[in-house]
Amino acid sequence: MKLAEKSVNAILAPLVRGLGLHASGEAIAVVPGPAEKTSGALNADIGPAVRDGLIDEEAAAAILRDAAAQAGQRLPSCAAIEAAGEPLGTYWMDRTLDAARARAKREDPAPLSAAAPLPVTAALTAPSAAEGGHGKGNAAGEICPSGSSSRSRADVARNRIALVTGGAQGFGEEITRGLAASGALVFIADLNIKGAEELAEKINAALGKTSAIALALDVSREESAEQAVAAAAETAGGLDILISNAGVLKAGSVLEQDVSSFAFTTGINYTGYFIMAKHGGRLMRRQNRNAPFWKTDIIQINSKSGLEGSNKNGAYAGGKFGGLGLTASFALELIEYNIKVNAVCPGNFFDGPLWSDSEKGLFVQYLKAGKVKGAKTVADVKTFYEEKVPMKRGCTGPDVMRAIYYIIEQEYETGQAVPVTGGQVMLH
Ligand SMILES: NC(=O)c1ccc[n+]([C@@H]2O[C@H](COP(=O)([O-])OP(=O)(O)OC[C@H]3O[C@@H](n4cnc5c(N)ncnc54)[C@H](O)[C@@H]3O)[C@@H](O)[C@H]2O)c1
C-alpha cells in the first residue's frame, strides 16, 4: 500500500509511544526499526485507517489499542505495524533512547523488565479527574498519588522528551543543560545549528549517554517547525515538554521604528510561539490518543516585559504581552488532550550573552551610549541595573529551571504566567 504521508514514522511512533506511556505510566522512548516481522512483537494492521494514502490517526490509534488489549497481560516492547499486508515499520520502546536503540539492535521485544512490566490494559477509559496523575495513572488503576513520592522536583523531567527552541545559547542553553542533567532527552532546536551541535556534543560527552540532539529550526517558518517536530517524533517517538524560548529583541521608539524591524521581532517572539505550539501540540495530541492520562507541557519563556511596559521597546513587550494571551487561550483548548500551557516570565539575565557579551552586550552598548549617568565601567552599568531589582541581582538559569520544574510537577494549573523577577514585578 503506497502512503502519501511525508513521514509515516512521525505518525506511528507517537501512537505506539502512547500505548507504552499508558501501560507503564512512565516516560519512554520509541525508536523505529526496519519494517520486518519480529517474532513476539505486537502486530497491528492499520489498513482500515488508511484513506487515499493518508493515515487517519484517530482510527489507527484505535486499531493499535485493540491489538494491545488482545495481546495479553504484558505489552511487548516492539510493535510491528502493517497496512493491508504491507509492512510499515517496527517500533521499539524502552526507558531511554539509548536503551530503545540497543533493544532494536538485538531485536528483543520482551516487556521492559520483570521488575517493572508493562501491563496491557483492556480499555483506555478516562479516569476521574482526581485520578489523573502526572504520568502516574493508568487504566489498571496503578495510580501513584501525587505528593506521595519521594522524588526530588528535578526528577519530574527524568526520561521525558523535551524540545527547547533557541536552546543553543543564553536562557535556552541553561534550560537545555538543566533538563539534560535531570535525565531528560533534549532536542536543541536552534537557528544556530552549529552552536546546537556543539552543545549537544558537550552534554552527551559529560553525561556519557545520548541526552541532547541538535535540530535546525527557524521558529518563524512553519515548514521548519513542522520538520523539527517530526524529526523529534521520528527519533524518539514523541514529546513531553516543549519550551518555546527562542526570542529576539530589537528596541526602537514607536515614533521611529521600521515596520520590518517590528515585524521581525513579533514574527519570532509571538508568531513563532504560535507556530511551535501548533506543531508541538499536534504531536502531543497524537501521543495522547493512546495515553489519555499522560500530561504534557508547553512552556513559553516570556519575560517581565510581558507583565509591564518597556520604554522604546514596544515590539518586544507587545509580543510578550500577546504571548500571555496565547498561553491562556491555548491552555483552554489543549487541556482536552492533557496538555498544560504556561509561561515563565524571567527578569533580566545579566550574566547571559544578551547583556554580558563583551562586544555586543547591552552593558557595553549602554556604557558607550552614556545611558547610565556617571557610569565609567561595565561593572558600574551592571550595578545600576541590579539596584533596580529588590533582590539586587539578575535572573539566572537555575531560577528559571525552578519555575519550569514547578510547572511540570504541578498537575492542577494551566494558562498561568509565573514571574521569576526577584520581586521586580509583583502580580496583583
Ligand atoms: N536575556 C534576558 O535578559 C531575558 C530576560 C527575560 C526574558 N528573556 C527571554 O528569554 C528567551 C531567550 O533569550 P536570551 O537572552 O537567552 O537569548 P539569546 O539571544 O542569548 O539566545 C537566543 C537563541 O535563540 C536562537 N534563535 C534566534 N532566532 C531564532 C529563530 N528564528 N528560530 C530558532 N532559534 C532562534 C539564537 O540562535 C540563540 O541561540 C527569549 O524569549 C527572551 O525574550 C530574556
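Candidates are the residues of segment 350-374 that are open to solvent by less than 30 Å² (accessible area, probe 1.4 Å) and in contact (Cβ under 8 Å) with a residue 40 or more places away in the chain; the one that is nearest to the ligand (Cβ to nearest atom) is G352. If you go through segment 211-267 and keep only what is more than 21 Å from the chain's Cα centre (by Cα) and small (G, A, S), you end up with A251, G252, S253, S260, S261, A263. For segment 375-413, give me each residue that is basic (K, R) and either open to solvent by less than 70 Å² (accessible area, probe 1.4 Å) or touching a His at 6+ places or on another chain (Cβ under 6 Å) (or both). The one that is basic (K, R) and either open to solvent by less than 70 Å² (accessible area, probe 1.4 Å) or touching a His at 6+ places or on another chain (Cβ under 6 Å) (or both): K382. Pairs, please: C-beta under 6 Å, at least 6 apart or cross-chain, first residue over 19 Å from L163 (Cβ atoms) and in contact (Cβ under 8 Å) with a residue 40 or more places away in the chain and in segment 244-255, second more than 8 Å from the ligand (Cβ to nearest atom) and of a type in the set (K, R)? Listed pairs, sorted by first residue: A251/K312; S253/K312.
Here the strands (runs of 3 or more DSSP E) wholly within segment 21-114 that include at least 3 residues being open to solvent by 20 Å² or more (accessible area, probe 1.4 Å) are 86-94. Answer yes or no as to whether A189 is within 13 Å of the ligand (Cβ to nearest atom) and either in the same structural domain as L97 (by TED's automatic domain parsing) or closer than 24 Å to A100 by Cβ (or both). Here the answer is yes, as A189 does meet what is asked.
The values are calculated or read from the model by the stated rules, or taken from the named source; none is laboratory data. Small disclaimer: the values here were computed from a predicted structure and weren't measured. Here Cβ is always computed from backbone atoms with ideal geometry, including for glycine, and neighbour counts include all displayed protein chains. When the accessible area is computed, the model is the full protein with side chains, heavy atoms only, and any ligands, DNA or RNA have been set aside. Shrake-Rupley method; radii C 1.70, N 1.55, O 1.52, S 1.80 Å.
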